[in-house]
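To keep things clear, I will list the structure first and then write my remarks on it.
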Amino acid sequence: MKKVYAAPDSLRAGHVLNLLQQSGIEAQMRNLYLGGGVGDLPVNECWPEVWVDDADEMRALALLAELSQVEAAPGPAWTCPNCGECNEGQFTECWRCGTQRPE
Ligand SMILES: [Zn+2]
């Protein structure tokens, strides 16, 4: 199995999972229930991950590349007004505390 995607929220990972499955790729989600354990682990190791069979890796990555071209270009990084965390532009809420991005 190969990891082809990781996302800070399960909604996004689920979207990718659906996309791959609709394209006939047998994809699996991992780490879905580890979100509550953030603390000792580096945060991005707790992100939901999408895994596929080795044989499907190239096709899956090609599909994901298409997906990222279709999606709107991410805006600039922003700082969370609640906890001060720096978030990348594609996130609409703070990955650390869940506060919505200010307008
Ligand atoms: Zn925050």
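The values are calculated or read from the model by the stated rules, or taken from the named source; none is laboratory data. Given the structure is predicted, the values throughout are model-derived calculations rather than measurements. Virtual Cβ from ideal backbone geometry, glycine too; neighbours counted across all protein chains shown.
Taken together, the residues in the range 90-103 that are more than 7 Å from the ligand (Cβ to nearest atom), closer than 15 Å to LEU11 by Cα and surrounded by 13 or more Cβ atoms within 10 Å (Cβ to Cβ) amount to 4. Just one of (1) surrounded by fewer than 15 Cβ atoms within 10 Å (Cβ to Cβ); (2) at pLDDT 80 or above; (3) out of contact with any Gly (no Cβ under 6 Å at 6 or more places or on another chain); (4) not assigned by TED's automatic domain parsing to the domain that holds VAL16 fails for ASN87. It is (1).
Just to be sure, is GLY75 surrounded by 11 or more Cβ atoms within 10 Å (Cβ to Cβ), at pLDDT below 80 and more than 16 Å from the ligand (Cβ to nearest atom)? Here the answer is yes, as GLY75 does meet what is asked. Do we find that GLY39 is at pLDDT below 85 and either in contact with a Phe, Trp or Tyr (Cβ under 9 Å, 6 or more places away or on another chain) or away from the ligand (no atom under 14 Å from the Cβ) (or both) in this structure? When the stated conditions are applied, GLY39 passes them.
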